[in-house]
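Notes to accompany the following structure.
The values are calculated or read from the model by the stated rules, or taken from the named source; none is laboratory data. Quick caveat, the model's predicted, so the values are computed rather than measured. Heads up, the Cβs are rebuilt from the backbone with ideal geometry, glycines too, and the neighbour counts pull from every protein chain shown. Each accessible area value is taken on the protein alone, full model and side chains, heavy atoms only, with ligands, DNA and RNA left out. Shrake-Rupley method; radii C 1.70, N 1.55, O 1.52, S 1.80 Å.
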Amino acid sequence: MELTLDKLLEVVSTHPDPLFIITESGTYKGVFGGGDRNYYHDGSGLVGSRFHDVMPVEKADWFLEQVKRAFREGPVLTVEYNLAGSEVEGVDTARGPAGELWFEGRIQPLAFPIDGERAVVWAARNITRRHELEARLRRMSETDELTGAYNRRKLLQELERMYRELRRYDRRTALLMIDLDDFKEVNDRYGHLVGDEVLRRVTRRLQENLREVDLLSRFGGDEFVVLLPDTGLDAARDAAERLRGAVGRGAVTHDGRRIPVSISVGIGVMEREDPDFEAILGRIDRALHQAKDSRRSRIVVADTG
């Protein structure tokens, strides 16, 4: 069966995902398919424009580099990227999906030039739902179900990474190990549901008083660990005092009774002399036990490694 050029273009235009013909200079020479407005915007207005005409510079640079990679690496280059319709001038944003979208791009060089330039076919497929599901599953695997803080598994992963950065770049990380004072008495007297609410309330107080770069994890039971990147001992002590005060002001009320809450804290800084990332946990755990053995709501600095 032979198809005329018009028929062939009609067939290509019915492709459910959009196909872009793009030259080595980053110029759109053709846009076909992708007519489902639940997943794609109308990109026909891009024809004749270059990446840098219609996108922010960083995005345009990245897209142009992928075209060049396709020529270098071939025969088919697969990439994943995020792009919102609002980031691309020339697309019809009145119809189409809203917000940030994720795509899988499959880029294949053509065997012939277009207008004197090498060119590629860039097939884009909307994978936003898959990406959101993967992100949701990743969050579930990394967070504690009760409190929403990171879990022990995530903590150990980050601690190992920071230990490597210390060994390689001498990047210091401070740690706080936090334990709720007399938490067993809360559970015994008021029940585990109230104990769970105390844990959630303490978690919120801690999160509200940490930097965005800090990592809060529930280490187990009523123990939490905080990682403070690029933080020395004095700043870590200040952070511990701030957290202790914030938790102390967040008492839980149950049946009209005020349940006071306080924390004890062990502090330490990861040292190059620590033989592994678990050594710092051991030192801070000992400091925490010293704090709890002395009196409530105390902060103790760990011995150096």
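Modelled with pLDDT under 95 and either farther than 13 Å from Val121 by Cα or surrounded by 15 or more Cβ atoms within 10 Å (Cβ to Cβ) (or both): does that describe Asp53? So Asp53 does not fit the description; no. Taken over region 271-290, the residue count meeting the criterion of being at pLDDT 90 or above and in contact with a helix residue (DSSP H, G or I) (Cβ under 6 Å, 6 or more places away or on another chain) is 0. Here Arg161, Arg218 are screened, and the one residue that is part of a helix (DSSP H, G or I) and not aliphatic (A, V, I, L, M) is Arg161.
Collect the residues in region 238-269 that are closer than 14 Å to Glu208 by Cα, open to solvent by 10 Å² or more (accessible area, probe 1.4 Å) and in a loop (DSSP other than H, G, I, E, B), keeping them in residue-number order. Scanning region 238-269 gives a single hit, Arg249. Within region 270-290, the residues that satisfy the criterion of being in a helix (DSSP H, G or I) and open to solvent by 60 Å² or more (accessible area, probe 1.4 Å) are Glu278, Arg286, His289, Gln290. Of everything listed in (1) modelled with pLDDT under 95; (2) under 19 Å from Val121 (Cβ atoms); (3) open to solvent by less than 40 Å² (accessible area, probe 1.4 Å); (4) not hydroxyl-bearing (Ser, Thr, Tyr), the single unmet condition for Gln66 is (1). Within the option set Arg171, Arg130, Arg164, being in contact (Cβ under 8 Å) with a residue 40 or more places away in the chain, farther than 30 Å from Ser297 by Cβ and not hydroxyl-bearing (Ser, Thr, Tyr) holds for one residue only, Arg171. Every condition in (1) modelled with pLDDT of 90 or more; (2) open to solvent by 80 Å² or more (accessible area, probe 1.4 Å); (3) in a helix (DSSP H, G or I) holds for Asp293 except the one numbered (1). Within region 103-117, if we keep just the residues that are assigned to a strand (DSSP E or B) and of a type outside the set (A, V, I, L, M, F, W, C), the residue that is least open to solvent (accessible area, probe 1.4 Å) turns out to be Gly105. Filtered by the rule that a residue be of a type in the set (Asp, Glu), assigned to a loop (DSSP other than H, G, I, E, B) and open to solvent by 40 Å² or more (accessible area, probe 1.4 Å), region 118-158 gives a lone residue, Glu145.
Pick from region 1-46 the residues that are among the β-branched types (Val, Ile, Thr) and surrounded by fewer than 16 Cβ atoms within 10 Å (Cβ to Cβ): which of them is modelled with the lowest pLDDT? For region 1-46, the residue satisfying everything is Val11. Could you tell me whether any residue of region 19-28 is under 20 Å from Leu110 (Cα atoms), of a type outside the set (Asp, Glu) and free of Cβ contacts under 8 Å to residues at least 60 places away in the same chain? So far as region 19-28 goes, yes, one or more of its residues are under 20 Å from Leu110 (Cα atoms), of a type outside the set (Asp, Glu) and free of Cβ contacts under 8 Å to residues at least 60 places away in the same chain.
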